[in-house]
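Below is one structure, written out as structure tokens, with a few remarks after it.
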Amino acid sequence: MRAQRVVIVILLVAVCALFLAGPAVAAVSLNKYEAQLVAQINKVRAKRGLPRLRVNAKLVNAARSHSADMSLHKHFGHDSSNGEPWSARLVRHGYPGKGYRLRKAGENIQYATGLCSSPCLVVKAWMNSKGHRRVILTKAFRDIGVGAKKTETGFRGIDGVVWFFTLDLGRRVIK
């Protein structure tokens, strides 16, 4: 009888742990630039006592697709080259707001060349911009997705390599 109670308690604890952990997020591998972006963003947030952001595969896919779109179509803007709004892109990649009590999201983009394409300098540029800094320092955010894509053809009269960066941040709370 005592052994059965122990098993029941263990099962209940395991179920509660799964419930409190929230939805499972698939692991994703980041390229060198993307990993550095995540590290820099979390470093900036930690200095201000803000929660560390978790890499979310769905946000990574959304950010990567946007960086690739900007690179391929020589386009720079939050909306995709076909006119799709950034928030719709997040939903299309599996980060919806429907069915959640709370959904908050934000996006930063950047393009850079040469030494300025270092992830450290990209984050520094975002932090020197009031609007971009506000996105990075939003206390409510818990999830991060980044995309870094280079193109070796000209963009806006720039010869040589141009990097396109997309940072998608968000938080969803289950009803």
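The values are calculated or read from the model by the stated rules, or taken from the named source; none is laboratory data. All values derive from a computational prediction rather than experimental measurement. Glycine also receives a Cβ, built like all others from the backbone with ideal geometry; neighbour counts cover every protein chain displayed. These area figures cover heavy atoms from the full protein model, side chains too; ligands, DNA and RNA do not enter into them. Shrake-Rupley method; radii C 1.70, N 1.55, O 1.52, S 1.80 Å.
Before moving on, here are some points about what is shown:
- Length released on extending from F76 to T153, taking residue separation times 0.36 nm less the Cα-Cα span: 26.3 nm
- A full extension of the chain between K32 and K175 corresponds to an added length of 47.9 nm, given 0.36 nm per residue minus the alpha carbon distance.
- Annotation: per residue accessible area for region 22-175 equals 51 Å², rounded to a whole number [probe 1.4 Å, protein chains only].
- Percentage relative contact order, region 46-175, counting C-alpha pairs under 8 Å, at least six apart: 38
- Charges were assigned to the Cβ only: +1 to each Lys and Arg, -1 to each Asp and Glu. The resulting dipole of region 49-175 about its Cα centre is roughly 880 debye.
- Positive contributions from Lys and Arg (+1) and negative ones from Asp and Glu (-1), summed over other residues with Cβ under 10 Å from the Cβ of G170, come out at +3.
- Percent carbon-and-sulfur accessible area, region 51-126, ignoring ligands, DNA and RNA, probe 1.4 Å: 56
- Lysines with Cα under 30 Å of K175, excluding same-chain neighbours fewer than 8 positions away: K58, K98, K104, K139
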